[in-house]
Amino acid sequence: MLSSKTSKAVKAYKENLTETVLEITGIRKEFPGVVALDDVQFRLQKGTVHALMGENGAGKSTLMKIIAGIYTPDKGTIRLRGDEIRFLSPLDALEHGIAMIHQELALMPFMTVAENIWIRREPQNALGIIDHKKMAAQTQELFDRLRILIDPLTEVRFLTVAQRQMVEIAKAVSYESDVLIMDEPTSALTETEVEHLFEIIRELKAHGIGIVYITHKMNELFEIADEFSVFRDGTYVGTHASSEVSRDDIIRMMVGREVTDMFPKIEANIGAPIMEVEGLTLDGVFKDISFQLREGEIIGMAGLVGSGRSNVAETLFGVTPATSGKIKISDQEIVIDSPGKAMAQGMAFLTEDRKETGCFLPLSVRENMQIAALKESYSRYGIVDQQSINKLCVEMETALRIKTPDLDERIENLSGGNQQKALIARWLLTKPRILILDEPTRGIDVGAKAEIHRLVSQLASEGVAIIMISSELPEVLGMSDRIMVMHEGHMTGILDRKDANQVKIMELAAR
Amino acid sequence: MTPLDKTKPAANQRPKLPQELNILSVLIGVAIIFEILGWVIKGQSFLINPQRLTIMILQVSVIGIIAVGVTQVIITGGIDLSSGSVVAMTAMIAMSFAQVGTYARAVYPELTDLPVIVPVAVGLGVGLFAGMINGFLIAKTGIPPFIATLGMMVTARGIAKWYTEGQPVSFPSDDFAAIGDGVWPVVIFLGVALIFHFGLKYTRYGKFTYAIGANPQAARVSGINVQSHIIKVYAVAGLLAGLAGLVTAARAETAQAGMGMMYELDAIAAAVIGGTSLAGGRGRIFGTVIGTIILGLMMSGFTFLRVDAYYQEIVKGGIIVAAVVTDVYRQKKRAKAS
Amino acid sequence: MTPLDKTKPAANQRPKLPQELNILSVLIGVAIIFEILGWVIKGQSFLINPQRLTIMILQVSVIGIIAVGVTQVIITGGIDLSSGSVVAMTAMIAMSFAQVGTYARAVYPELTDLPVIVPVAVGLGVGLFAGMINGFLIAKTGIPPFIATLGMMVTARGIAKWYTEGQPVSFPSDDFAAIGDGVWPVVIFLGVALIFHFGLKYTRYGKFTYAIGANPQAARVSGINVQSHIIKVYAVAGLLAGLAGLVTAARAETAQAGMGMMYELDAIAAAVIGGTSLAGGRGRIFGTVIGTIILGLMMSGFTFLRVDAYYQEIVKGGIIVAAVVTDVYRQKKRAKAS
Amino acid sequence: ETIGVAMSLFDDNFLTVLRHNIQKHADELGVTVQMEDAQGDIARQQSQIENFVASGVDGIIVMLVDADSGQAMSKIAANADIPLVFVNMLPSNIENFPAKQAWVGSDEEQAGRLEATEVCKLMGGEGEAVILMGQLGTTGQRGRTKATKEVLASDECSEIKILDEQTANWMRTPALDLTTNWLTSGIIPDAIIANNDEMALGAIQALKSAGFSMDDVVVAGVDATQDALAAMQAGDLDVTVYQSAKGQGYGSLDTVLKIAKDENFEQKVVVPFELVTPENLEQYKTKN
Ligand SMILES: Nc1ncnc2c1ncn2[C@@H]1O[C@H](COP(=O)(O)OP(=O)(O)OP(=O)(O)O)[C@@H](O)[C@H]1O
Ligand SMILES: Nc1ncnc2c1ncn2[C@@H]1O[C@H](COP(=O)(O)OP(=O)(O)OP(=O)(O)O)[C@@H](O)[C@H]1O
Ligand SMILES: [Mg+2]
Ligand SMILES: [Mg+2]
């Protein structure tokens, strides 16, 4: 980029290609009930992308938060350009040239994009008066450079998740740091946007910036990472150049066993239509959606981010009732205007935003699991049958391999992937006939992903009808019986499993 | 789905002590301080005095009854500032149906010497109604609970004053006065607390209350009818404020427009001292009971030690803060230690 | 490089009209209602009376000064319940340094006839100090603002009573009394409002305040020292409560321990009526000013229409709620439209 | 001996003087007093009495929050067989006091009567008046307002019209604002009759800053506080009413001690209110 600082870095990069910027040894970090990291090591070279891999809860985010000054380690040393350091606050880290994009988005919704990016670094005059014009111009300049098309003066709350993610990326870049940590930056992005991000990363790399890149998407690893380190259960497993190893090697390192089949699709017996949707419309959002869902069938929904897939799902489940159109369930026309009504029809809906519409963060894993099931069953005269529901919760914990000290742990303290599993458990406990999954494997590690896929397959084979929204084409292709593609609020086609491929879907999604 | 090895390192298990023990120890701490000061300053025991122990709870029973209702409101992430005024309003209205015929200036001269059930039903009904309005405003219009209940606070106080143009309403029947007699207020308080302690823990009503407080959007998507539940929760809080109004009036044998002033703040303080989080989603009635008793302990203790009234207030503020600080600190420590 | 999004951000995502217009229309609505009622009931204009317009603001200037401080506290996601008591405490203490020598029973007989700067400095200092303690408790111990400031509310009121054992402090010097003279309170209020309106919009102090309220974690990871900023914000709120105390005392030419009772609730109401969100992250001083004036308008309007004292309160509660309901409703409508 | 003193309010001018008189007399007699502040809350006061009983005091003096709560207080003290003296406020159960109880005080209605009668006289029995009431629902507000209205309705004063009656909560600034609101709404009274001095002083400030001559308006209060007497001296305040804090304070302590020692005592000791006008101002200057 253009600043003098980074061009200096370019020179330095050329002088010393393998200089180590960051070196970490013997780090330990405990949380109540969990050893998140134990004797962990990590090293980052200048001008390279170093990927961090590991199952959910392996400790990746925790390590990065230690580097960024958010947590202090219990033990261990951190060396930055050879000097031992210990950051006491995020500011400390920022001032030492370490910036981080957080896994959980960290923006202020009622402030503008520009204000969000330059917070604490607003251009101001000698009197301390902020120059908003200049701030907007700076933002525009930054966006031009990164080829981001977002109005700097929009309030962040109006942005889609993907746009917010791009703002976060731009903000991190704007620090012009030497080390840039990206914690699952692509979990909310589709392929085009991911490609865009990679271009940005390559350019940063070329300017000598060291990038730590956390992801659960294996293909990204090979595309962007120079080397990678694997963690398992808070311990360090190893570091390799990404050119040296195969995909299966990495998975083995991560999970400690073989994961042979990512998409264990069981050919289910597809039964009678259970749900018929006709001309479903939500004014101004999507239009004229019609399809049939049958028992044991998995319909995958594909489309670009913002194409309206989540909105359709929300409407089907009564979160935002339709303005027109018909929904028939088991041949009966039903008006679904609240989630309660949908659940009464045997529907279940895993939402895409874990934090906003999924988790009850201050409550225990157990409470999080049971809540949806209480309405229809497990309670008599309003009194909850704790025993039988607890038994089922424990079964779910085991079956889904939810990593938590115990079920009374606050869900807040679980890693993102394990939170996701607990939420899946929540809906399975309601014994649904129709299951809508919105990005069910977002932010989930490969092992767990395969398990969730197997679970979905198995449910289908037991006759449950499933709608699965996913932004990962291989997942949609691997799991679905039919694939519905959306583009800007319209249904552009439904493809049969045997006719579908990446190209066809992309044609329908982006035309 | 094969259940795979689920190795849980035993050492990592967190001690499973109920949260409540935390705040219980604050109560014990405060009690011990008063006991020691009692011996040092007055040469006598503070705690070994059954009369004082009764008074300690008796004088805060009304606050306690309100606090139980307020606790569940706070758990939903809301707040209720109207309780004190609702106490006054229900006291005035209920009392006007509890007057004896021998009193010449009864509010409704034709409606005297009624069976006690009438004023009780009226009082509970008035409280319930006020609470429902609160809940309705919050759930249906989406205004912040702080404002809806602030409005009710001002309005209910106004109604209490307007009802008899400021005249107190006195001379209740013996049956009515009996509600506030002896340790009845304590029994009512602890009974209510017990019901809600179990209610919040073991019923759907309770689970939904916590869920809404923790994340209203997620609660909605989980099929909970958030609006109607919110209305229920505030209605229950109003009902309990009404009950508190009945008890206050029966105890004082008079109802006055100025009754219950600022009780809402004491009740909220009791709940928060007892570990209920104003952010919603967390709290226990047991904690609220302890919080209430801490307030009562303080009042009795100050009088016992003959602390100057001026200093009482100055110190009271400090103690409320200190109790919560201790609780927060111990929670943090516990979190670290395990 | 392919651009991220082919769809250019719609222009209407930029806030078109300032948010404040919303609440301004509520003010105008309330004013028009009073104007019409004035003609209907009394056959005269309510608004066309410069004197009334002045008193309308004058009588709420003190609330307004507090409300400015409280607004920034609420924007950080906090609350300040101590303002009313801090008003009383600073009034008492400051006034004791503002007494004239000719008054025989001055609090400090040797310290009379001091230059006006002394009581002013003392008053502001006391307010600042109280606010700093609030901020310190909240930032460093992590207790909820509600509790920290509730404690300060009780303690400061206690100090106000203790300071002269409940005796009022009167007979200030003319210089001191001048602070509360004529429209000075209005000037001070509007001056303070102006400073903070721009301060919150155009300085880092303001940006940090909004950022912390919107997302404290995000603020922290952006390198803001959240704790020290919180302390600053509460200290400023205390300072303004102290200023309000000075103005009240100067205006009444006396200081009394019971002064400023419940002012905190009026101030919070003014802020929320003016569109400040109790959830934090949103709010504007301009809105608070309008909210304050709505309160003043109501007071003047009631007297003008000779509404019975007993009905005034009942109606007042309703109006506060209605104002916020209207605001919420209009915001929703606007959000849908865009 | 230890005597518990339960006051309704600590931050009221008159009650503060009363309290100090009790304290002073106790110091003279070598009696310990424990003072409590009910902050205007009946229930709190009731608890304080109960706490006194539990702490084993030898007698209790109570300044009631409200006259009607006397009944409950009487019961508590009688059950514990502890002497109880009501000070200042006349409890409504005065007619059937238990044995060891008494009242030392003044009659609120008398204050209103004295005040209004003098105002009526100063107005020559005609004109327009407004009433500034104390906090609604309090005994003082009710008694004083009631008596004021009765006087103004009597034959001699029936030509006086009451333009409006509003509350200023016993306080100066609200009275200042309220009066200003009146003046701007075209309510220009010939007399302002306030339930206490603080509000009368607020009214005077409002009149003065609106440019009225204080000779044209009769302003009356109750309490004869120092501030009020100074205002009367300056010719601003026309009428106030003196209530003998000393008489009540000393009297109540003496009575409670008498009961405690089983001496003879009177169950009803009336300390009368006294009218204060510029003519007799001097003799009250040092009294409160
Ligand atoms: N604040 C916290 N309090 C308690 N436990 C925590 C906290 N943060 C993380 N943990 C625990 O530490 C472990 C590591 O979590 P971390 O978030 O670092 O995992 P991760 O590798 O980033 O997983 P994911 O891929 O799901 O994001 C997990 O077991 C998690 O439950
Ligand atoms: N909070 C919001 N405010 C304004 N517009 C929104 C908001 N949320 C979503 N939208 C818009 O609604 C449209 C559909 O969004 P939706 O989330 O349904 O898309 P999607 O296909 O599910 O994408 P994703 O994969 O991101 O979930 C998008 O154009 C988006 O910009
Ligand atoms: Mg992570
Ligand atoms: Mg989506």
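The values are calculated or read from the model by the stated rules, or taken from the named source; none is laboratory data. Values in this document were obtained by computation on a predicted structure and should not be read as measured data. Note: ideal-geometry Cβ built from the backbone for every residue, glycine included; neighbour counts use all protein chains shown. For accessibility, only protein heavy atoms count, side chains too; no ligands or nucleic acids. Shrake-Rupley method; radii C 1.70, N 1.55, O 1.52, S 1.80 Å.
Before moving on, here are some points about what is shown:
- Check on residue A:140, free of Cβ contacts under 8 Å to residues at least 60 places away in the same chain, of a type outside the set (A, V, I, L, M, F, W, C) and either assigned to a helix (DSSP H, G or I) or more than 16 Å from ligand 1 (Cβ to nearest atom) (or both): yes
- Screening the candidates A:157, A:120, A:145 for the property of being away from ligand 1 (no atom under 16 Å from the Cβ), open to solvent by 10 Å² or more (accessible area, probe 1.4 Å) and within 23 Å of residue A:210 (Cα to Cα) yields one hit, A:145.
This table checks each residue for (1) aromatic (Phe, Trp, Tyr); (2) surrounded by 22 or more Cβ atoms within 10 Å (Cβ to Cβ); (3) more than 20 Å from residue D:190 (Cα to Cα).
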| position | (1), (2), (3) |
| --- | --- |
| D:129 | no, yes, no |
| D:136 | no, yes, yes |
| D:142 | no, yes, yes |
| D:148 | no, yes, no |
| D:152 | no, yes, no |
| D:155 | no, no, no |
| D:160 | no, yes, no |
| D:164 | no, no, no |
| D:168 | no, yes, no |
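- Some residue of the stretch A:204-224 being of a type in the set (Val, Ile, Thr), more than 14 Å from ligand 1 (Cβ to nearest atom) and out of contact with any Phe, Trp or Tyr (no Cβ under 8 Å at 6 or more places or on another chain): yes
Table: residues versus (1) under 30 Å from residue D:17 (Cα atoms); (2) touching a helix residue (DSSP H, G or I) at 6+ places or on another chain (Cβ under 8 Å).
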{"position": "D:153", "(1), (2)": "no, no"}
{"position": "D:159", "(1), (2)": "no, no"}
{"position": "D:169", "(1), (2)": "yes, no"}
{"position": "D:191", "(1), (2)": "yes, yes"}
{"position": "D:198", "(1), (2)": "yes, yes"}
{"position": "D:204", "(1), (2)": "yes, yes"}
{"position": "D:215", "(1), (2)": "no, no"}
{"position": "D:229", "(1), (2)": "yes, yes"}
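- Exclusive hit being within 15 Å of the chain's Cα centre (by Cα) and in a helix (DSSP H, G or I), set D:200, D:230, D:206: D:200
- Candidate set from the stretch A:285-319 (those that are open to solvent by less than 50 Å² (accessible area, probe 1.4 Å) and within 14 Å of chain B (Cβ to nearest Cβ)); member that is nearest to ligand 4 (Cβ to nearest atom): A:310
- Screening residue A:332 on (1) free of Cβ contacts under 8 Å to residues at least 24 places away in the same chain; (2) within 16 Å of ligand 4 (Cβ to nearest atom); (3) more than 23 Å from the chain's Cα centre (by Cα) shows it passes everything except condition (2).
- Output for the stretch D:1-36, where each listed residue is in contact with a helix residue (DSSP H, G or I) (Cβ under 8 Å, 6 or more places away or on another chain), open to solvent by 10 Å² or more (accessible area, probe 1.4 Å) and acidic (Asp, Glu): D:1, D:11
- Selection status of residue A:153, away from ligand 3 (no atom under 16 Å from the Cβ), over 24 Å from the mean Cα position of the chain (by Cα), of a type outside the set (Asp, Glu) and at the interface with chain C (Cβ under 8 Å from one of its Cβ atoms): yes
- Whether a residue is open to solvent by 10 Å² or more (accessible area, probe 1.4 Å), within 16 Å of ligand 3 (Cβ to nearest atom), of a type in the set (Val, Ile, Thr) and under 30 Å from residue C:209 (Cα atoms) was assessed, and residue A:112 does not pass this test.
- Filtered by the rule that a residue be open to solvent by 10 Å² or more (accessible area, probe 1.4 Å) and under 22 Å from residue C:332 (Cα atoms), the stretch B:127-145 gives B:133, B:136, B:137, B:138, B:139, B:140, B:141, B:142, B:144, B:145.
- Restricting attention to the stretch C:208-230, the residues being in contact (Cβ under 8 Å) with a residue 12 or more places away in the chain and not in a helix (DSSP H, G or I) number 2.
- Sole residue being within 20 Å of the chain's Cα centre (by Cα), within 14 Å of chain B (Cβ to nearest Cβ) and of a type in the set (Phe, Trp, Tyr), chosen from C:146, C:136: C:146
- Of the residues B:109, B:119, the single one that is away from chain C (no Cβ under 14 Å) and modelled with pLDDT of 95 or more is B:119.
- Entry remark, the stretch A:459-497: residues being open to solvent by 30 Å² or more (accessible area, probe 1.4 Å), within 16 Å of ligand 4 (Cβ to nearest atom) and either away from chain C (no Cβ under 14 Å) or of a type in the set (A, V, I, L, M) (or both) number 3 in total.
- Selection from the stretch A:384-401 of residues that are in a helix (DSSP H, G or I) and touching a Leu at 6+ places or on another chain (Cβ under 9 Å): A:389, A:390, A:392, A:393, A:394, A:396, A:397, A:398, A:399
- Per-region count, the stretch A:405-440, residues within 14 Å of ligand 1 (Cβ to nearest atom) and within 11 Å of chain B (Cβ to nearest Cβ): 9
- Meets criteria (open to solvent by 50 Å² or more (accessible area, probe 1.4 Å), among the charged types (D, E, K, R) and either within 16 Å of ligand 1 (Cβ to nearest atom) or under 30 Å from residue A:74 (Cα atoms) (or both)) for residue A:248: no
- Residue identified as within 23 Å of residue B:265 (Cβ to Cβ) and not aliphatic (A, V, I, L, M) among C:102, C:149, C:112: C:149
- Flag for residue C:70 being at pLDDT 95 or above and either part of a helix (DSSP H, G or I) or open to solvent by 50 Å² or more (accessible area, probe 1.4 Å) (or both): yes
- The set of residues from the stretch A:425-440 being more than 16 Å from ligand 2 (Cβ to nearest atom), touching a strand residue (DSSP E or B) at 6+ places or on another chain (Cβ under 6 Å) and of a type in the set (A, V, I, L, M) comprises A:434, A:435.
Here is a yes/no grid of residues against (1) farther than 30 Å from residue A:246 by Cβ; (2) away from ligand 1 (no atom under 16 Å from the Cβ):
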position: A:29; (1), (2): yes, no
position: A:37; (1), (2): no, no
position: A:73; (1), (2): yes, no
position: A:91; (1), (2): yes, yes
position: A:99; (1), (2): yes, yes
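- Comparison of C:213, C:166, C:182 shows that the only residue that is facing another protein chain (nearest Cβ under 9 Å) and at negative phi is C:213.
- Of the strands (runs of 3 or more DSSP E) lying entirely inside the stretch D:31-126, those containing at least 2 residues that are facing chain B (nearest Cβ under 8 Å) span D:32-37.
- Count of the stretch C:167-202 residues which are under 30 Å from residue A:101 (Cα atoms) and open to solvent by 30 Å² or more (accessible area, probe 1.4 Å): 2
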